[in-house]
1. Put +1 on the Cβ of each Lys and Arg and -1 on the Cβ of each Asp and Glu in chain A; which of A:TYR32, A:ASN75, A:GLY106 then has its Cα farthest toward the positive end of the dipole?
2. For region B:1-77, give the magnitude of the charge dipole about the Cα centre (Cβ charges: +1 Lys/Arg, -1 Asp/Glu; no others), in debye to the nearest 20.
3. Evaluate the charge dipole of region B:23-115 about its Cα centre and quote only its size in Debye, nearest 20, assuming +1 on the Cβ of each Lys and Arg and -1 on the Cβ of each Asp and Glu.
4. Using a cut-off of 26 Å between alpha-carbon atoms, which lysines can reach B:LYS13, once sequence neighbours fewer than 8 places away in the same chain are excluded?
5. Using θ = phi - 60° and the Karplus relation 6.51 cos²θ - 1.76 cosθ + 1.60, list the HN-Hα couplings for region A:100-109 in order, rounded to whole Hz, with x at every Gly or Pro.
6. Return the average number of partner chain Cβ atoms within 10 angstrom of each residue Cβ along peptide B:90-103.
7. Using only the alpha carbons of region A:31-113, determine the length spanned along each of the three principal axes and report them from longest to shortest in whole angstroms.
8. Kindly rank B:11-17, A:71-77, B:27-33 from highest to lowest mean number of other beta carbons found within 10 Å of each residue.
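Every number in this text was worked out from the coordinates using simple rules, so none of it is lab data. Quantities reported herein were computed from a predicted structural model and do not represent experimental measurements. Note that we place each Cβ from the backbone using ideal geometry, even for glycine, and neighbour counts take in every protein chain shown.
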Amino acid sequence: AQSVTQPDIHITVSEGASLELRCNYSYGATPYLFWYVQSPGQGLQLLLKYFSGDTLVQGIKGFEAEFKRSQSSFNLRKPSVHWSDAAEYFCAVDTGTASKLTFGTGTRLQVTL
Amino acid sequence: KAGVTQTPRYLIKTRGQQVTLSCSPISGHRSVSWYQQTPGQGLQFLFEYFSETQRNKGNFPGRFSGRQFSNSRSEMNVSTLELGDSALYLCASSLGQDSYNSPLHFGNGTRLTVT
């Protein structure tokens, strides 16, 4: 079965600093990969997705992610973090079985001013 | 376009009772999925309905059930509530193709507290 690991439970960065959130997946082939963000009291919002093609994908809110097959990773990055980016971020994988996502445990991002 | 609407936002129930949660998908979306979010277990897939049929099911006991109506609205029912059922229940809708071509759109959830 597929699985997703987000090694960092909590990350704190200063506003304006760069950000990288790690995600590793376990699956035999290339799965569908996603990053979602959840603000307090809210549902999940899709930031970006990847299945094939260019390994660097652009998302909303200035986020990007890079797929590295050799490392089974799909790390999320942002060049300059804004205070409004403080939230919880989830990496997810789907092997194509209709809407059945497997989520990582999430990384809580705190942004200091 | 209205997003996914979940009602109610908050619920407090007593152990042993049953509860029904409601989800109205985005207009035109025929698939509705349900997820349970807890601090200990994270986000876990419950089940997915497409055109009134359960298409996928997660590893939850039979106390958790759902259904979908002809207008794509969905309800989720939990019977004989246990303290461990306290969670945020998230509903997501999509067009119903694979999750890459029709990604999930989530509602804000129903916070269930079992006392």
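1. A:TYR32
2. It works out to roughly 100 debye.
3. With Lys and Arg at +1 and Asp and Glu at -1, about 100 debye.
4. B:LYS57
5. So the Karplus estimates, Gly and Pro as x, are 9, 8, 10, 9, x, 7, x, 10, 8, 9 Hz.
6. 5
7. Cα extents, longest axis first: 38, 26, 20 Å.
8. Output ranking for B:11-17, A:71-77, B:27-33: B:27-33, A:71-77, B:11-17.
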